[in-house]
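Chemist: Before we start, here is the structure in question, set down as structure tokens.
The values are calculated or read from the model by the stated rules, or taken from the named source; none is laboratory data. Worth saying up front: this structure is predicted, and the values here are computed from it rather than measured. In this analysis, Cβ positions are derived from the backbone assuming ideal geometry, glycine residues included, and neighbour counts consider all displayed protein chains.
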Amino acid sequence: MGTVSAKTTLEKGLEELESIVAPYGSALVAFSGGVDSSLALAISARALPKGKVLAVTSNNETYLPSELDLARDFAASLGVEHLVVNTRELDDPNYASNPTNRCYFCKSTLYSDLARIAGKKGYACVVDGANKDDEGDYRPGRKAAKELGVVSPLALAGVGKAEVRELARHLELPSWDKPALACLSSRFPYGQEITPEKLAQVARAEEFMRSRGYEQVRVRHHGEIARLEVGAQEMERAFAEREEISAELRAAGFLYVTLDLAGYTSGSLNAVLKQPGKKAKKILPVVG
């Protein structure tokens, strides 16, 4: 009986999400390949006529190369057209200087570009995968999304991260249990300039760790130091394999390699924002 009830609840949740998207008639979906944007894309594909959904992925230096093939495969499995663009966030000094509101400039660039593509190709709106929990976290990018009229069905329906995974599992989406994977710029302490070379270091290091089967991984870039975060259940293994890991991360360009004893912590570099008397740099847009 419990299973039937849960399924009914999930179906109602899906219907509510579809009812948010359906009135637009067509949609361009900002699609990173993570569980949130995958669910948003699946909902859009269910709610809208065939050929009226476009998935767009921004493939730039902040995106792990291995993720692109997964995104392509998923869009294809839904029968949705998939477009890959490069929004070149690093060209914006407001973004590359890595202030605390970095994500605002990233999302402002991304959603402005997607809105132009949507207008040119005749899609009625831009949809993203932001969920209810994102509204309560430190997410400067949400301000940009709201300014540009992005539709966030998950957030509008009050769907949080846990329910996102439940709905994705119910729809048998391959990403339903995929670990969270933020953009690679989140690996840098605020105020440390982000460059293509540094991003390549992080990408190589994290791709190596994933190739060895580590699921929850962050390589935080502290200049010459790589601070490796792995899931608590993978900590013992990482220590046992420290020689191989250290050698590869040094080959990626780091001089020192450390294993964070606290393990993986989402948004660990936001800790500086919570320290009394310490404020990381926030900047206003550069004009001209």
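Chemist: From the list Ala22, Ala76, which residue is of a type in the set (A, V, I, L, M, F, W, C) and loosely packed, with under 15 Cβ neighbours inside 10 Å? Quick ask: steps written out before the conclusion?
Modeler: Values: Ala22 fails: loosely packed, with under 15 Cβ neighbours inside 10 Å.
Criteria check complete, one pass: Ala76.
Chemist: Additional query: Restricting to the stretch 111-134, and then to whatever is in contact with a strand residue (DSSP E or B) (Cβ under 6 Å, 6 or more places away or on another chain) and of a type in the set (A, V, I, L, M, F, W, C), can you tell me which residue is surrounded by the most Cβ atoms within 10 Å (Cβ to Cβ)?
Modeler: Applying the filter and picking the extreme gives Val127.
Chemist: Consider Ala180 carefully, then state whether it is at pLDDT 95 or above and of a type outside the set (Val, Ile, Thr).
Modeler: Considered against the rule, which asks whether it is at pLDDT 95 or above and of a type outside the set (Val, Ile, Thr), Ala180 comes out as no.
Chemist: Then there's this: So in the stretch 135-160, with the set limited to residues that are part of a helix (DSSP H, G or I) and touching a residue at least 40 places away in the same chain (Cβ under 8 Å), which one is surrounded by the most Cβ atoms within 10 Å (Cβ to Cβ)?
Modeler: Top of the filtered list is Leu154.
Chemist: Can you tell me which residue is farthest from Lys178 (Cα to Cα) among those in the stretch 216-243 that are exposed (fewer than 12 other Cβ atoms within 10 Å of the Cβ) and touching a residue at least 24 places away in the same chain (Cβ under 8 Å)?
Modeler: Glu224
Chemist: Restricting attention to the stretch 180-215, which residues are of a type in the set (A, V, I, L, M) and buried (at least 18 other Cβ atoms within 10 Å of the Cβ)?
Modeler: Leu181, Leu184, Ile194, Leu199, Val202, Ala203, Ala205, Met209
Chemist: Please specify each residue of the stretch 31-55 satisfying the condition of being more than 15 Å from Lys178 (Cβ to Cβ) and either surrounded by fewer than 20 Cβ atoms within 10 Å (Cβ to Cβ) or out of contact with any helix residue (DSSP H, G or I) (no Cβ under 6 Å at 6 or more places or on another chain) (or both).
Modeler: Residues satisfying the conditions are Ala45, Arg46, Leu48, Pro49, Lys50, Gly51, Lys52, Leu54.
Chemist: So Pro189 passes all but one of these: (1) assigned to a loop (DSSP other than H, G, I, E, B); (2) out of contact with any strand residue (DSSP E or B) (no Cβ under 7 Å at 6 or more places or on another chain); (3) not assigned by TED's automatic domain parsing to the domain that holds Val21. Which condition number does it fail?
Modeler: Condition (2) is where Pro189 drops out.
Chemist: Still on this structure: Can you find a residue that is in contact with a helix residue (DSSP H, G or I) (Cβ under 6 Å, 6 or more places away or on another chain) and either hydrophobic (A, V, I, L, M, F, W, C) or at pLDDT 95 or above (or both) anywhere in the stretch 222-232?
Modeler: yes
Chemist: Here is a further query. Please determine whether any residue of the stretch 119-132 is closer than 27 Å to Ala162 by Cα, in contact with a helix residue (DSSP H, G or I) (Cβ under 8 Å, 6 or more places away or on another chain), in contact (Cβ under 8 Å) with a residue 40 or more places away in the chain and among the charged types (D, E, K, R).
Modeler: yes
Chemist: A further question follows. Which helices (runs of 4 or more DSSP H) does the stretch 1-91 wholly contain that include 1 or more residues that are modelled with pLDDT of 95 or more, assigned by TED's automatic domain parsing to the domain that holds Glu197 and more than 14 Å from the chain's Cα centre (by Cα)?
Modeler: none
Chemist: With the checklist (1) assigned to a strand (DSSP E or B); (2) surrounded by 17 or more Cβ atoms within 10 Å (Cβ to Cβ) in hand, flag the one item Asn94 doesn't pass.
Modeler: (1)
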